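K.L.:
Below are the structure tokens for one structure; questions will follow.
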Amino acid sequence: MLDSFRHLTKTWFGKILGAFLIVGLAGFGISNVITGFGTNTVATVAGQDISVRDYQRAYNTQINAVAQQIGRVPTVEEANAFGVPGAVLDRLAGEAAVNKLGEDLGLGVSEDRLGKMLAEDPSFSSALGAFDRSNFLRVLQQNGFTEAEYFDLQTKAARRQQLVSGLLSGAPAPATATDLLTRFSGDTRTVDYFVLNAQALPPVAEPTEEELATYLKDNQASFRTRATRTIELLALSPEAIAATKTISDEEIAAEYERTKDSRVKIERRTVKQVVLNTPELEKAFTDGKAAGTPFADVLTASGATAQDLGNLSKAEITDSSLADAAFGLALNDYVIIEGIGSKRAVTVSAIELGGVVSLEDAKADIAKQLALTQARNEYTDVLDQIEELRAAFKPLPEIAERFGLKTVTIPLTESGTELANDPDVGADAAQRIATAVFKAEQGNLAPTIQLSSTRNVWFDLKQVDEARDQTLEEVRDAVITAWTNAKTDEAVAAEVTKLLEQVKAGSAFADVAGSIGQFPILSQPLKRAGDGTTVLNQTVANEIFNGGPTHFGSAVNGDGDHVVFQVVEVNQGTTDQTAEIKKFVEESSRDALYNDLLTGLKSEAGLRINEQVLNQLTDTGALQ
């Protein structure tokens, strides 16, 4: 059947039929319905339910992708602003529509094929590269899948792959697109160029008082103070209270005796192995073992490379024969054991002994734990007492002294970055505190800021400094520097314009360069990405490609210098790039056709959304 699809799509009739199919399907709208759903259904498309569980998995995957791009996990509000809920639902609806079409056409995948896909998936491999069932089950558990759900997911994915391959594979890449991309990515240009910067021109004259005043007036927005609030801050947390505690040696010894049976350190070993995949390598290590030659010497003589399996406990090694061998060796000794397809030489390069942790080694940890336990027990009482003292308008330093705590005085800006490195506050709460500070009024008692169930902050607003324009006397040096830089940039730009006018008038490029004591440099053939340096970077290359064979001009490079150039040679892209570009065009064309197919199928199937469940998931943060 798939061969029939491929044959049909290669004919003009098939292409025209496909176009009418997509256009016709795209005329239908999407129906949003909030009734007739189960509480575990987010949407229905093509008669198939999109469950809350499926939606949550896909949502979390998309959130992780966003987190990698922005460097942190987005909040629910940010995820909604990024359009994550809609994108996830759209993808799941598309997959469901394609699955339905595949089912209608009788497509499927055999159990043998599923087994092969499972065995070849590197996510489920052991350290030796073979399929490991325990690792398979662990990965499924970590990702919230049962075995049945995993195989159902793989079956649907294989069905979609067959359908897409049958309908879209073999579609030829448009020759015009291939040719244009070949030229765009493969064309090169060689230029004569020279670099012009401030060093090539006389320094600008010293500014007058009038010029400085005028510059400051025109650029006053760049010379303003930032609004600040100077506060006295007191932070309360179990850690802050614990820092005031002194734990005696007797208390530490008693706690050690009580808990020493649980203070057991697991033995760990750094395990390395060499796969003996040739007779020569196996003989070298076998003979070396018999002769008592150190592992490192045999390794060097044989030219082999040892694979570092990591610093592991015995329980962390899933291969029982490897675990027994590694934990039966002396330091730096090795043994040869059986492996898959060949033998292995296994060695241990470091050993961290296990056993009961000594009192001396556990002393610091026990003292910290005891102090923190006492602090947690006292936290509520201390909190209540501080609140009572605050209500009595006691100064924060007096309150802090009573409990052995410390206050800090901080000039704070609206961003709150000054608090980011405070161990009692942290970057996560800095903005929240800054917002409260800037809402407070001097002289009024500021409310407590509760950061969590065991973290509270109090502050007194000591001084208010609003943002204002700075005077020339305050920023004279900065204004002089800015004015000088601006005038220098203007002079360099004017000189570049003058030189380009000379080239335009017919002067030889070498003569124009020589007029300012420069010599033109012949570049290597450049592509649109530049030469990888800051001199002829992509910005300069873009301007070089912005004209024909006689093009000349200038651009500012990565060093901030002006590159003045004239094109001397244009070379077309070579045919050795055509195969790669053709593949790119084919894949892009298939992606576009597939997206059109999804649009048509979803429109025909009718996407029905359980708005109530979807809103509950996205509004309450239940997805995170």
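K.L.:
Taking segment 272-368, which chymotrypsin sites (Phe, Trp or Tyr not before Pro) meet the DSSP loop condition and have no more than 11 other C-beta atoms within 10 Å?
P.N.:
none
K.L.:
Order Arg608, Arg455, most accessible first, counting only protein heavy atoms with a 1.4 angstrom probe.
P.N.:
Reading off the accessible areas and sorting them downward yields Arg608, Arg455.
K.L.:
Please calculate how many Å² of accessible area segment 385-510 carries per residue, with a 1.4 Å probe and no DNA, RNA or ligand atoms counted.
P.N.:
With all protein chains present, segment 385-510 gives 58 Å² per residue.
K.L.:
For the chain, which span is the longest to avoid every loop-located (per DSSP) member of GluC sites (Glu not before Pro) having at most 14 other Cβ atoms inside 10 Å?
P.N.:
Answer from the scan: 1-266.
K.L.:
Give me the extension gain from Ala65 to Asn219: residue separation times 0.36 nm, minus the current Cα-Cα distance, reported in nm with one decimal.
P.N.:
So the extension gain works out to 51.3 nm.
K.L.:
First check a/c for segment 175-257, with a ≥ b ≥ c the square roots of the eigenvalues of its C-alpha gyration tensor; if it is under 1.5, answer rounded, and if not, answer prolate when a/b is larger than b/c or oblate otherwise.
P.N.:
oblate
K.L.:
For the chain, what % of the accessible area comes from carbon and sulfur atoms, probe 1.4 Å?
P.N.:
52 percent
K.L.:
Given a Förster distance of 30 Å, report the FRET efficiency between Thr373 and Val408 from their Cβ-Cβ distance, rounded to the nearest 0.05.
P.N.:
0.70
K.L.:
Looking at this model, which pairs from Lys260/Lys368; Lys116/Lys156; Lys116/Lys272; Lys289/Lys343; Lys217/Lys439; Lys394/Lys462 are more than 25 angstrom apart at the alpha-carbon?
P.N.:
Lys116/Lys272; Lys217/Lys439
K.L.:
Quote to one decimal, in nm, the extra length available between Ala243 and Leu201 on full extension: 0.36 nm per residue of separation minus the C-alpha distance between them.
P.N.:
The Ala243-Leu201 span can extend by a further 8.9 nm.
K.L.:
Lys/Arg Cβ at +1, Asp/Glu Cβ at -1, dipole of segment 265-350 taken about the Cα centre: which of Gly288, Val335, Thr270 is farthest positive-ward?
P.N.:
Thr270
K.L.:
What shape does the chain take by its C-alpha gyration tensor, where a ≥ b ≥ c are the square roots of the eigenvalues and a/c under 1.5 counts as rounded, a/b above b/c as prolate, and the rest as oblate?
P.N.:
Rounded, since a/c falls under 1.5.
K.L.:
Along Cα→Cβ, 7 Å out, is where each label goes; now give me the distance between the ones at Arg138 and Leu522 in nm to one decimal.
P.N.:
6.2 nm
K.L.:
Hey, another quick one. Once fully extended, how much extra length lies between Thr380 and Glu211, figured as 0.36 nm per residue of separation less the alpha-carbon to alpha-carbon distance?
P.N.:
54.5 nm is the gain from fully extending Thr380 to Glu211.
K.L.:
Is segment 363-444 rounded, prolate or oblate when judged by the Cα gyration tensor, a ≥ b ≥ c being the square roots of its eigenvalues, rounded requiring a/c under 1.5 and prolate requiring a/b larger than b/c?
P.N.:
Oblate, because a/c is 1.5 or more while a/b does not exceed b/c.
K.L.:
Moving to a separate point now. Between Lys283 and Asn421, what FRET efficiency comes out of the Förster formula 1/(1 + (r/R0)^6) with R0 = 41 Å and r the beta carbon distance, rounded to 0.05?
P.N.:
0.10
K.L.:
Got a sec? Which residues in segment 287-315 would a label at Lys265 touch, if it sits 7 Å along Cα→Cβ and we count backbone N under 15 Å?
P.N.:
Flagged as within label range: 312-313.
K.L.:
Also, I was wondering about something else. From the helices alone, meaning DSSP H stretches of at least four residues, give me the mean residue ellipticity at 222 nm for the chain, per-run term -39500 (n - 2.57), in deg cm²/dmol to the nearest 500.
P.N.:
One gets -16000 deg cm²/dmol as the mean residue ellipticity at 222 nm.
K.L.:
Moving on to the next point. Ala364 to Thr230: FRET efficiency via 1/(1 + (r/R0)^6), r the Cβ-Cβ distance, R0 56 Å, to the nearest 0.05?
P.N.:
Given R0 = 56 Å and the Cβ-Cβ separation, E is 0.90.
The values are calculated or read from the model by the stated rules, or taken from the named source; none is laboratory data. Remember, it's a predicted structure, so these values are computed and weren't measured experimentally. A quick note on method: Cβ atoms are made from the backbone with ideal geometry, for glycine too, and the neighbour counts reach across all protein chains shown. What goes into the accessible areas is simple: the full protein's heavy atoms, side chains included, and nothing from ligands, DNA or RNA. Shrake-Rupley method; radii C 1.70, N 1.55, O 1.52, S 1.80 Å.
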